[in-house]
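The structure appears below as structure tokens.
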Amino acid sequence: MPELPEVETTRRGIAPHVTGRRVARIDIYDRRLRWPVPADLEARVRGHTIDRIDRRSKYLLFRVGEGALLVHLGMTGTLRVFHDAPPRKAHDHVDIVLDDGTLLRYRDPRRFGAMLWMPSIARGHPLLDALGPEPFDDAFDADYLWRTTRARRAAIKLVLMDNRVVTGVGNIYANEALFRAGIRPSTRANRVSRARLAKLVDAVRDVLRAAIAKGGSTLRDYVGSDGASGCFQLEYFVYGRDGQRCRTCAATIRLSRIGQRSAFYCANCQRP
């Protein structure tokens, strides 16, 4: 599933092509996404100018006046920019055509993504209202994480992946951040000291910045807006490397299951 770095990479790739452009039309070929594409979406967006594209967690917000087109890539969704679009293929569900002929194509083989209308940025949206702070926000710091985790007996990895605590830190980057912070994924959140939480905050930001710089990770379907694959997967320390040697200490990377998700760690570098 595209995580924060992949969505941010997509946003940065699309923004120069669509910001300030008027939507000439929207062609919707299949409305059966995770939630049906609203019947009035074309009418709400057509003829209006895209002021800018924001990102909130793993959601893209195409700002149109007071409202926004809200897009989620789901598990297999991509947004590609074309100036000379190829013929439409299976799983190409939505085309957004701009006034200069640029085409933004939404493809989603598994249809777990979403394309919805948000009437008012100021009033929010149910999918966004319960989200915690962004990893790069000042509000996400060691003091906040300390207060948030004192009553949490769940594994620190699960807390880190809880979008109500901090947004956008999915399974890949939670594993990588915990390695960089030297914290075992299974450690109970309320047992992690303030000093170690400070390291974790820095590690989350460092790993996300590094992943964005590499265009995100491509493990199966994800490509950026230009069709290029991400390459951060070449720099993983632990994710997907079970049975291989730790890049830091040469111990064997281990795999466990925490909350039905894979947890990769080095028992030597990461302490409970």
Does residue 264 satisfy being outside any strand (DSSP E or B) and hydrophobic (A, V, I, L, M, F, W, C)?
no
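Filter the strands (runs of 3 or more DSSP E) completely within the range 1-76 down to those with at least 2 residues that are modelled with pLDDT under 95 and more than 21 Å from residue 227 (Cα to Cα).
none
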Scan the range 241-272 for residues that are at pLDDT 95 or above and on the phi > 0 side of the Ramachandran plot and jot them down.
243, 250
Those residues of the range 169-213 which are touching a Phe, Trp or Tyr at 6+ places or on another chain (Cβ under 8 Å), among the charged types (D, E, K, R), crowded, with 16+ Cβ neighbours inside 10 Å and in a helix (DSSP H, G or I), in sequence order:
176, 180
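Scan the range 238-254 and tell me whether some residue there is of a type in the set (A, V, I, L, M, F, W, C), open to solvent by 40 Å² or more (accessible area, probe 1.4 Å) and not in a strand (DSSP E or B).
Just the residues of the range 238-254 that are of a type in the set (A, V, I, L, M, F, W, C), to begin with: 238, 246, 249-251, 253.
Retained after the next criterion (residues that are open to solvent by 40 Å² or more (accessible area, probe 1.4 Å)): 249-250.
Next, only the ones that are not in a strand (DSSP E or B) stay: 249-250.
There is at least one residue in the range 238-254 that is of a type in the set (A, V, I, L, M, F, W, C), open to solvent by 40 Å² or more (accessible area, probe 1.4 Å) and not in a strand (DSSP E or B).
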Sort out which residues of the range 143-168 are closer than 26 Å to residue 232 by Cα and either in a helix (DSSP H, G or I) or modelled with pLDDT under 95 (or both), and write them in order of number.
156, 157, 158, 159, 160, 168
Residues of the range 13-30 being among the charged types (D, E, K, R) and either without any contact (Cβ under 8 Å) to a residue 60 or more places away in the chain or in contact with a Leu (Cβ under 8 Å, 6 or more places away or on another chain) (or both), in sequence order, are 21, 22
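Table: residues versus (1) open to solvent by less than 10 Å² (accessible area, probe 1.4 Å); (2) out of contact with any helix residue (DSSP H, G or I) (no Cβ under 6 Å at 6 or more places or on another chain); (3) under 30 Å from residue 173 (Cα atoms).
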{"site": "52", "(1), (2), (3)": "no, yes, yes"}
{"site": "58", "(1), (2), (3)": "no, no, yes"}
{"site": "67", "(1), (2), (3)": "yes, yes, no"}
{"site": "79", "(1), (2), (3)": "yes, no, yes"}
{"site": "108", "(1), (2), (3)": "yes, yes, yes"}
{"site": "121", "(1), (2), (3)": "no, yes, yes"}
{"site": "124", "(1), (2), (3)": "no, yes, yes"}
Check residue 234 against each of (1) open to solvent by less than 40 Å² (accessible area, probe 1.4 Å); (2) part of a helix (DSSP H, G or I) and name the one condition it does not meet.
(1)
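Counting only residues that are under 14 Å from the mean Cα position of the chain (by Cα) and open to solvent by 80 Å² or more (accessible area, probe 1.4 Å), which one in the range 1-47 is farthest from residue 93 (Cα to Cα)?
Applying the filter and picking the extreme gives 12.
Within the range 68-86, does at least one residue satisfy the condition of being among the small types (Gly, Ala, Ser), closer than 22 Å to residue 55 by Cβ and without any contact (Cβ under 8 Å) to a residue 60 or more places away in the chain? Show your work before the answer.
So in the range 68-86, the residues among the small types (Gly, Ala, Ser) come out as 68, 74, 77, 85.
Keeping just the survivors that are closer than 22 Å to residue 55 by Cβ gives 68, 74, 77.
Remaining after also requiring without any contact (Cβ under 8 Å) to a residue 60 or more places away in the chain: 68.
The answer is yes; a qualifying residue exists.
Yes/no matrix, rows are residues, columns are (1) crowded, with 17+ Cβ neighbours inside 10 Å; (2) without any contact (Cβ under 8 Å) to a residue 24 or more places away in the chain:
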{"residue": "117", "(1), (2)": "yes, no"}
{"residue": "132", "(1), (2)": "yes, no"}
{"residue": "136", "(1), (2)": "no, no"}
{"residue": "142", "(1), (2)": "yes, no"}
{"residue": "147", "(1), (2)": "no, yes"}
{"residue": "153", "(1), (2)": "no, no"}
{"residue": "158", "(1), (2)": "yes, no"}
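The values are calculated or read from the model by the stated rules, or taken from the named source; none is laboratory data. What you are looking at is a predicted structure, and each value in this text was computed from that prediction instead of being measured. Backbone-built Cβ (ideal geometry, glycine too); neighbour counts: all protein chains shown. Remember, those area values only see protein heavy atoms, side chains included, never the ligands or the DNA or RNA. Shrake-Rupley method; radii C 1.70, N 1.55, O 1.52, S 1.80 Å.
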